[in-house]
Amino acid sequence: MSNVIIPANLWEEDLEGAVSIWFFEEGDNVSEGDTLCEIMVEKSTFEVEAPAAGVLRILVQVEVPVKKGDAIAHIG
Amino acid sequence: MTTASLPVEASLHPHRPADQGRLIASFPAPEGIAFEEAHFQQFRTGSDMASELHFWTQSRCLVTTPAFARRREFKRASAHSPWPVAVRRSGGATIFHEPGVLCVTLFEQLVSANIERAYSGICSLIVNGLRELGVQAEVGPLPSAPCDGRFNILLDGRKLAGTAARISPAGNRVVVMAHAALLVEGDCRAGVEAVAAFENALGLDAAYPSGCMTTLAEHVDRIDVVSVAAAIRKIYRQL
């Protein structure tokens, strides 16, 4: 099981973001390096990649606020 | 933010080796957005350039975000908008494009990126390019304008250009796409009114004062998108 965590260095500022879109659905098989979702911070969009291959379990739905270091999904 | 400083990796070419074809690509909406997306994916996956700069325009349309496109009112609001509505993947809110709006897209490969860095390249190019034309613009927020952010290009306290950025991991680097929509000529009041009408139809409480945005043509004689693009490209080539 791998956690999909918003990297602490994805943006430097102490700002909240929100997942703007998931490119996969709950239970989908994903490959390492797949772009899983986009996170919107201010007017900037950050793409988050899958750290491992497996089945996606989404923990944070679209438009829910997130911070750096938050786990937004599991891949098992 | 007046000095552009694009980091050039030793293994990368600093710029496109030469300009191919026309300076500005023109599209019927929403094909400009598809053009930008295709170039972004190409740059992200296969470019050995440290950066690329593109200029493009498209026919009159509103450009909005996935978040707004998910609203239940979106279909009806789009159908009733006299301006066709397109959706882009970068952030912000709703803006308008038309042939007098110069879209400037800068792709960069960086070791790491933060929000300030993502915007610094495009903002510096535009501010310095406008200075070549005798225009003293600045970077900053304007909460009364559509699609506000910290990195608008402002002229005399009015919004001249909006910006947005997209940051994507690419191996041990990140690829940044920074975009600006620069109002060169045309009736920006009509564009602002169209944005407000569309966003209100989405159920938002949009009210933008008349005159919150401006065009370069309101400040500079005989200006057009080609001369502005040429001035920005001149700055880019000097980096």
Practice item. Could you tell me how many degrees, from 0 to 90 and to the nearest 10, lie between the Cα long axis of helix B:31-46 and the main elongation axis, the longest principal axis, of the Cα atoms of chain B? Key: 30
Study note, to complete from the structure: Under 5 Å from the placed amide H of residue B:149, counting only residues 5+ away or on other chains, we find B:142
Review point. How much net charge surrounds residue A:47 when only the other residues with a Cβ under 9 Å from the Cβ of residue A:47 are counted, with Lys and Arg +1 and Asp and Glu -1?
Key: -1
Check your understanding: Ordering B:48, B:148, B:156 by how much accessible area each has at a 1.4 Å probe, largest first, what is the list?
Key -> B:156, B:48, B:148
Check your understanding: Largest first, how would A:43, B:234, B:75 line up by accessible area (1.4 Å probe)?
Key -> B:75, B:234, A:43
Practice item. Enumerate the lysines that residue A:67 could reach by cross-link, defined here as Cα to Cα under 16 Å, with residues fewer than 8 away along the same chain left out. Key: A:43
Practice item. Considering only protein heavy atoms, with the full assembly of protein chains and a 1.4 angstrom probe, order B:88, B:173 by accessible area, largest first. Key: B:173, B:88
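How charged is the neighbourhood of residue A:19? Take every other residue with its Cβ under 9 Å from the Cβ of residue A:19, and add Lys/Arg as +1 and Asp/Glu as -1.
Cβ neighbours under 9 Å give a net charge of -2.
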Review point. Ignoring ligands and nucleic acids, what accessible area does residue B:68 show with a 1.4 Å probe (Å², nearest 10)?
Key: 40
**Study point:** Charge dipole (the protein assembly as shown, unit charges on Cβ, about Cα centre) - positive-most of A:18, B:236, A:33
**Key:** B:236
Check your understanding: In whole angstrom, how far apart do the alpha carbon centroids of region B:170-203 and region A:12-33 sit?
Key -> 24
**Study point:** Global geometry of chain A, whether rounded, prolate or oblate, following the gyration tensor of its Cα atoms and the 1.5 cut on a/c
**Key:** prolate
Review point. Once you charge only the Cβ atoms, +1 for Lys and Arg and -1 for Asp and Glu, what is the size of the charge dipole of region A:2-65 about its Cα centre, to the nearest 20 debye?
Key: 160
Check your understanding: List the aspartates and glutamates whose alpha-carbon lies under 13 Å from that of residue B:234, not counting same-chain residues fewer than 8 positions away?
Key -> B:19, B:132
**Study point:** 0 to 90° range, to nearest 10: angle between helix B:188-201 axis and chain B longest Cα axis
**Key:** 70
Practice item. Quick one: accessible surface of residue A:10, probe radius 1.4 Å, all protein chains present, in square angstrom to the nearest 10. Key: 30
Point to revise | Distance (nanometres) between label positions extended 7 Å along Cα→Cβ at residue B:217 and residue B:190 | key: 1.0
Review point. Cα gyration tensor of region B:187-239, axes a ≥ b ≥ c as square roots of the eigenvalues: rounded (a/c below 1.5), prolate (a/b > b/c) or oblate?
Key: prolate
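Output the relative contact order of chain A, whole-number percent, from Cα pairs under 8 angstrom with separation of 6+ residues.
Relative contact order comes out at 43 percent.
The values are calculated or read from the model by the stated rules, or taken from the named source; none is laboratory data. Note that the structure is a prediction, hence the values are computed from the model and not measured. For neighbour counting, all protein chains shown are included, and Cβ atoms are generated from backbone atoms with ideal geometry for every residue, glycine included. Side chains included, ligands, DNA and RNA excluded: accessible areas come from the protein's heavy atoms. Shrake-Rupley method; radii C 1.70, N 1.55, O 1.52, S 1.80 Å.
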